[in-house]
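Here is the structure we will look at.
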Amino acid sequence: MSIKITEECINCGACESECPNRAIYEGGKMWRMSDGTSLKKGKNKELEMDPTIPKNPKEQEIYFVVSEKCTECVGFYDEPQCAIICPVNCCILDKNHFETKEDLFQKKKFLHGE
Ligand code: SF4
Ligand code: SF4
């Protein structure tokens, strides 16, 4: 499952640098699959697009998680680092993006090529 950030977010920014997949962005910012991953310029077969192309923000007023990049920190840490550091506990599991542990491992491999 991916993590999502709820409307309780106070925009403190503490979570952004904790994410090993660079899956967290400030509201209003463009995001890329290639940010913080080893995905390279050029059409990616799995994504069917160039991962360096900027995508529109998922939120404007609060920080957001890109579910396509979030692995619940699987492959790096035992627990979601954003949820640990968030001072208002607004990083929660996103039930709309269910993934098994194995799915998350595969996603990590896809993002980082290892
Ligand atoms: Fe990033 Fe981990 Fe939080 Fe997902 S759970 S957004 S990978 S810090
Ligand atoms: Fe928002 Fe929590 Fe991240 Fe701070 S740590 S920006 S409150 S989600």
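Only residues that are over 20 Å from GLN60 (Cβ atoms) and in contact with a strand residue (DSSP E or B) (Cβ under 7 Å, 6 or more places away or on another chain): list them for the stretch 1-42, please.
MET1
Looking at ASP94, ASP78, which is the one that is loosely packed, with under 14 Cβ neighbours inside 10 Å and either touching a helix residue (DSSP H, G or I) at 6+ places or on another chain (Cβ under 6 Å) or within 25 Å of CYS12 (Cβ to Cβ) (or both)? Lay out the reasoning, then the answer.
Numbers: ASP94 fails: loosely packed, with under 14 Cβ neighbours inside 10 Å.
The conditions single out ASP78.
Among the residues of the stretch 11-21, are any open to solvent by 30 Å² or more (accessible area, probe 1.4 Å) and more than 15 Å from ligand 1 (Cβ to nearest atom)?
Yes; the residues of the stretch 11-21 include at least one that is open to solvent by 30 Å² or more (accessible area, probe 1.4 Å) and more than 15 Å from ligand 1 (Cβ to nearest atom).
Here is a yes/no grid of residues against (1) of a type outside the set (Phe, Trp, Tyr); (2) modelled with pLDDT under 95; (3) not in a loop (DSSP other than H, G, I, E, B):
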site	(1), (2), (3)
ASN21	yes, no, no
THR37	yes, no, no
CYS73	yes, no, no
VAL88	yes, no, no
PHE98	no, yes, no
LYS108	yes, no, yes
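What is the residue count in the stretch 75-86 for residues that are of a type outside the set (D, E, K, R) and in a loop (DSSP other than H, G, I, E, B)?
Going through the stretch 75-86, the residues of a type outside the set (D, E, K, R) turn out to be 75-77, 80-86.
Imposing the further condition that a residue be in a loop (DSSP other than H, G, I, E, B) reduces the set to 75-77, 80, 86.
Going through the stretch 75-86 one residue at a time, the tally reaches 5.
Conditions tested, residue by residue: (1) more than 9 Å from ligand 1 (Cβ to nearest atom); (2) in contact with a Lys or Arg (Cβ under 6 Å, 6 or more places away or on another chain).
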site	(1), (2)
ASP35	yes, yes
LYS41	yes, no
MET49	yes, no
PHE64	yes, yes
GLN81	no, no
LEU111	yes, no
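Out of all the residues in the stretch 80-96, is one or more on the phi < 0 side of the Ramachandran plot, in contact with a Gly (Cβ under 8 Å, 6 or more places away or on another chain) and not β-branched (Val, Ile, Thr)? Steps first, answer last, please.
Keep residues of the stretch 80-96 that are on the phi < 0 side of the Ramachandran plot, which gives 80-88, 90-96.
Restricting the remaining residues to those that are in contact with a Gly (Cβ under 8 Å, 6 or more places away or on another chain) gives none.
No, there is no match, as no residue in the stretch 80-96 is on the phi < 0 side of the Ramachandran plot, in contact with a Gly (Cβ under 8 Å, 6 or more places away or on another chain) and not β-branched (Val, Ile, Thr).
Test of understanding: among PRO57, PRO51, which residue is free of Cβ contacts under 8 Å to residues at least 24 places away in the same chain and touching a Gly at 6+ places or on another chain (Cβ under 9 Å)? I'd like the intermediate steps shown before the answer.
Numbers: PRO57 fails: free of Cβ contacts under 8 Å to residues at least 24 places away in the same chain.
Result of the check over PRO57, PRO51: PRO51.
Do we find a residue being within 16 Å of ligand 2 (Cβ to nearest atom) and within 12 Å of ILE3 (Cα to Cα) anywhere in the stretch 23-35? Break it down into steps so the answer makes sense when it comes.
Residues of the stretch 23-35 within 16 Å of ligand 2 (Cβ to nearest atom): 23-29, 31.
If we keep only those that are within 12 Å of ILE3 (Cα to Cα) too, we end up with 23-24.
Among the residues of the stretch 23-35, at least one is within 16 Å of ligand 2 (Cβ to nearest atom) and within 12 Å of ILE3 (Cα to Cα), which makes the answer yes.
The values are calculated or read from the model by the stated rules, or taken from the named source; none is laboratory data. Everything numeric in this text was worked out from a predicted model, so none of it was measured. Here Cβ is always computed from backbone atoms with ideal geometry, including for glycine, and neighbour counts include all displayed protein chains. These accessible areas exclude ligands, DNA and RNA; they are computed on the full protein's heavy atoms, side chains included. Shrake-Rupley method; radii C 1.70, N 1.55, O 1.52, S 1.80 Å.
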